[in-house]
Structures are given as structure tokens and as C-alpha cells.
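Read the figures in this text as sums done on the coordinates, not as results from a lab. A quick note: this is a predicted structure, and the numbers were derived from the prediction, not measured. So basically every Cβ, Gly included, is an ideal-geometry build from the backbone, and we count neighbours across all protein chains shown.
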Amino acid sequence: MRFALNHIAAPKLSLPDFFAAARDLGVTEVEIRNDLPDVVGTWNPADVKAEAEKAGVTIVSINALYPFNVWKGDLPARAEAMADYAAACGAKALVMCPLNDGTPVDFDSLVGALTAMKTILDTRGLTGLVEPLGFPISSLRSKAEAIRAIEAAGGENTYKLMHDTFHHHLAGETEFFPDWTGLVHISGVTDADVEVDDMLDAHRVLVDDADRLENLPQIKELLTAGYDGPFSFEPFATEVHEAADPKGAMKASMDFVSAKL
């Protein structure tokens, strides 16, 4: 397997330092964000591209367009702006997350959003990484439903799935789609007291031997089934973000996962 790093694994590192840390860890694929840290809102895309080239890393995605399945208001304009930014900074894909506030979104609206977004992505040579969210309040929880909508939108050549080990576990999914998977996010939950339906992003830490999400079985299943893309660390917990030695923490998790495979 090969690892990638999402900037949220070390959000206190500046962009150049984050890229340098990735290379020091032997990682050449990275993800940048528009939230924490907000690289998209604070960096010129040409400068991001130059820093990536200088460090020798590939930007595999920008996280994230939200809520991609509610195609109204300012979303179309935001989608175009983010796609323009991705193309200009050399990113390969946009992560697309569904509405996650308890409001249902019907299947036809999901297909309509994917159809509209397809043109934006195709004209810029980008892939859309559709990420179902496993939270009980999510409007798109399952990867099977995402695939059905992608096919209905004629987007088989535009879209891939984001397999997130956290959301896979929360949704209670058992089916894997390695041929559809474009990127995998990995993170663990070690809090022994929180129920699965109550797990939040704030519980997500780096993967270690106390993980409750079955990251290792998920990774093994994907690899065995033929997935050959990167596995990108995406922890949201404050204790990870506040780590005194974020590079050392990431290395420890990488070493743990590698040793168990």
C-alpha cells in the first residue's frame, strides 16, 4: 500500500512545511483543504502549484465541495471557482460531500447535481470524488446509492468514490467497491465510551491498536480486491492537531498500519 497525507493531519504546519513533512515521511501524494487549514482561501493557486512542484508532491485532491447534492443558491458558482482553483494549482480531483444536517435530498436532485457538476469537472480535466457520509443525519450515506446516481448521470468516466473508513463503519456498510474507489481516507476512533451513532469528526484520530473502526480489515479488503490507490490520513481530533510532533505522530501510525498488513 501507499500512504497519502491530508493537510488536516497537521493543520498547524504551513503549506510548504506540510509538503516537506510529507516528503520526509516518504509520501508523494497530498490533499489540501478549503476549511482547516483554508489553503484555497488564503493561497494563490499558482503559488500552491509551485510549492508542490518544488517539494516533489502531487496534489491528489482538494477537500471539499459541500453540499454538492443541493444544486442551488451559490453552489454552482462555488463549484466552478473551486474547480478553477484545482485546475490552476495542479490538483487532480475535488472531494464532494453531501448535505449533512438531517434534511433529506431526493435521488433526482442528487442525479441532477452530478449531471451539472460533470460538465464543470470534465472541462477542467478533473475527477469528482463522491464521499458518502455515514452520519445518521447525512443525505447520502451509502456508496451503493452514490454509484447508482453516478450511473444515472452518465458520470462513470468523471466520478470515483471516496472510501472513508470512518464513514464506512458509521453507515454499517459491508460492500466494497474497489473498481469505483479513487481515494481512501483513513482515521481511527479510540474512545471506548462513544456509541457508533454518536461518533463525530472530533473523535477521529490517527490509526493505532486501539482503533474501533476496523481500519485494518477495511484496508486489507480493499487491497485484496484490487484497489491500488493511496490511503490518506484524515484525522479531525483536536489532540492530533495539537500534537507537538505531528510528523512523528503520522510516522508512528504509518508504521503501525504497515506492520499489521
How large are Rg and Dmax for the range 2-260 when calculated on the C-alpha trace, in angstrom? 17.2, 48
Using a Gaussian network for the chain with springs between C-alpha atoms less than 10 Å apart, which of these wobbles most: Ala55, Ala210, Ala249? Ala210
Quick one, could you list the DSSP H helices from the chain stretching 18 Å or more along their long axis (Cα atoms) with average Kyte-Doolittle hydropathy of 0.0 or above? 75-89, 107-122
Here the convex hull volume per residue of the range 1-132, taken over Cα atoms and given in Å³, is 115
Summing +1 for each Lys or Arg and -1 for each Asp or Glu, what net charge is found among the other residues whose Cβ lies under 9 Å from the Cβ of Leu161? +1
Quick calc, the range 2-260, dipole around Cα centre from Cβ unit charges on Lys, Arg (+) and Asp, Glu (-), nearest 20 debye, gives 800
Lys pairs in the range 2-260 with Cα under 16 Å (8 or more apart in sequence, or on separate chains) total 9
For the range 98-247, state the average projected area of the convex hull of the C-alpha atoms over all orientations, rounded to one decimal in nm². 9.8
Percentage relative contact order, the range 2-260, counting C-alpha pairs under 8 Å, at least six apart: 18
Note: the range 187-244, point scatterers on Cα, Debye, no solvent; log10 I/I(0) at q = 0.18 Å⁻¹ equals -0.67
Magnitude of the Cβ-charge dipole (Lys and Arg +1, Asp and Glu -1) of the range 70-206 about the Cα centre, nearest 20 debye, reported as 580
